[in-house]
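Notes to accompany the following structure.
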Amino acid sequence: MSAPAAARRVLSGMRPTGRLHLGNYHGALRNWVELQYQYECFFFVADWHMLTTGYDDTSRLQEQIRDVLIDWLAAGLNPGVATLFIQSQVPEHAELHLLLSMITPLGWLERVPSFKDQQEQLKEKDLATYGFLGYPLLQSADILIYRAAYVPVGEDQVAHVELTRETARRFNHLYGREPDFEEKAERAVKSLGGRNTTAYRQLRRKFQETGDTQSLERARALVQSNNRITVADRERLLGFLEGTGVTILPEPQVLLTTTPKVPGLDGRKMSKSYGNTIGLREEPDSVVKKLRAMQTDPARVRRTDPGDPEKCPVWDLHKIYSDEATRAWVNEGCRTAGIGCLDCKQKVIDKVVEEVTGMRRRAQEFEENPELVRGIVAEGADKAREAARQTLDEVRRAMHLRAD
Ligand code: TRP
Ligand code: SF4
């Protein structure tokens, strides 16, 4: 059986922290919704990751998983297009994690910035555990098992994708060697046929001589879109491009999301731990109340005091929700005290209420029918497992854990 072209596969995960807020939506989820129409997407709830820090109380885990899933669906993730699943329902991730753990130097994990940072931040918890140290490697397994090309994540996760790339490189280096690799690769180049053979050679030479990554990308696409060659030859051709060996686990790239700053009600970044959030499915009345009380430019004490939008978190919301004309109106009105803060906020309130109302409407059928959600993730896990198994087969074969 031939592995699916993974060149345009996207994978990302989210911990089941419970109901999501507008910061999560504008910071990540909204981007996922767009990506699902451009790539083959796998999105999963990282319940095992939750255990790496929250092992001491798992009593609400099921509820938190369900809430996150409903938020995803409410935000527009479409199970007809993207594969949505729960990590622990695809135990293949754990096998790859185990195998990768054999080749991962401890120092790589100890040097991941979040290792020390989180231990500092969560001082009351004992995070000197095996699972916590290894969680970035579990993340590597999450990514590599789908041979994902792109991983949409925020700045804080970039180091984890970098670790994933190093791990893939090390794996390919250790297990991607064949004694007669060059010969086999040359034969595979010929089997591409005619124009493709020529194009592959040209692109490979260009990349190797000038380091032109566009040529590399084009050559990869050429290999991946060819479905007449065998899986083994495809891996050889991918590996041959960079002159190494067989590429069993391709290196993923970060798809850095350019996300707007989403301020919380107190002006700090919107975050559950600050208690300054607006929920994705928050009741409209509560949205109105919260936004009316939101922090503004402290210099505007009275209605007649002019303000400066750059010093006001409400302005950051206008950048997300308001059109050009409204923003010009705010800018002018705020600086001249021509408008009051409540007038200014009302424009944002209208938009946020509209947004959460849509979310609530879409969430309703899933809230009423939990089995609908269960069905979606059961189907998603089946699809994910199928893709994961194909990679694991290759991995087991490369490591001589299979006889054939
Ligand atoms: N570690 C990520 C976070 O805490 C979640 C995650 C787990 C993830 N596995 C992943 C993200 C794989 C991207 C790819 O947010
Ligand atoms: Fe902020 Fe708007 Fe008030 Fe200016 S008018 S301080 S931008 S809320």
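What to note about this one:
- The fewest-to-most ranking of Thr357, Thr336, Thr52 by surrounding Cβ atoms within 10 Å reads Thr336, Thr357, Thr52.
- If both residues of a DSSP beta bridge must be in the chain, then about 10% of such bridges are antiparallel.
- Footprinting exposure proxy for Arg281, Arg268 (fewest neighbouring C-beta atoms within 10 Å first): Arg268, Arg281
- Beyond 31 Å, the tail of the calculated P(r) for the chain holds 48 percent of the Cα pairs.
- Where trypsin sites (Lys or Arg not before Pro) fall in DSSP loop in region 172-251, at most 10 other Cβ within 10 Å: Arg228
- Helix 213-224 vs. the chain, principal-axis angle (Cα, 0 to 90°, nearest 10): 70
- With R₀ set to 22 Å, the beta-carbon distance separating Asp308 from Ala328 gives a calculated FRET efficiency near 0.90.
- Think of the chain as having a plus end and a minus end, set by charges on the Cβ of Lys, Arg, Asp and Glu; of Leu238, Leu137, Thr198, Thr198 sits farthest toward the positive end of this dipole.
- Positive contributions from Lys and Arg (+1) and negative ones from Asp and Glu (-1), summed over other residues with Cβ under 12 Å from the Cβ of Glu251, come out at +2.
- Each peptide in 242-248, 123-129 receives the mean, over its residues, of other Cβ atoms within 10 Å, and ordering these scores from highest gives 242-248, 123-129.
- Euclidean distance of C-alpha centroids, region 240-296 and region 352-385, integer Å: 20
- Helix 324-335 axis, angle to the chain major axis (alpha carbon atoms, nearest 10°): 50
- Exceeding the 25 Å Cα-Cα cut-off - candidates Lys311/Lys351; Lys190/Lys383; Lys311/Lys347; Lys261/Lys347; Lys116/Lys290: Lys190/Lys383; Lys116/Lys290
- Helix-only CD estimate at 222 nm, as mean residue ellipticity for the chain, using -39500 (n - 2.57) per DSSP H run (n ≥ 4): -17500 deg cm²/dmol
- The chain: relative contact order in percent, alpha carbon pairs under 8 Å with at least 6 residues between: 22
- Tensor-based shape of region 181-241 (alpha-carbon gyration tensor, a/c under 1.5 rounded, otherwise prolate or oblate): prolate
- Taking the longest Cα principal axis of the chain as reference, the axis of helix 158-175 is set at about 10 degrees.
- Coil-residue trypsin sites (Lys or Arg not before Pro) of region 287-379, DSSP, other Cβ within 10 Å capped at 11: Arg302, Arg303
Only the coordinates and a few stated rules stand behind these numbers; no lab work does. This is a predicted model, so every value here is computed, not measured. Glycine gets a Cβ as well: all are built from the backbone with ideal geometry, and neighbour counts include every protein chain shown.
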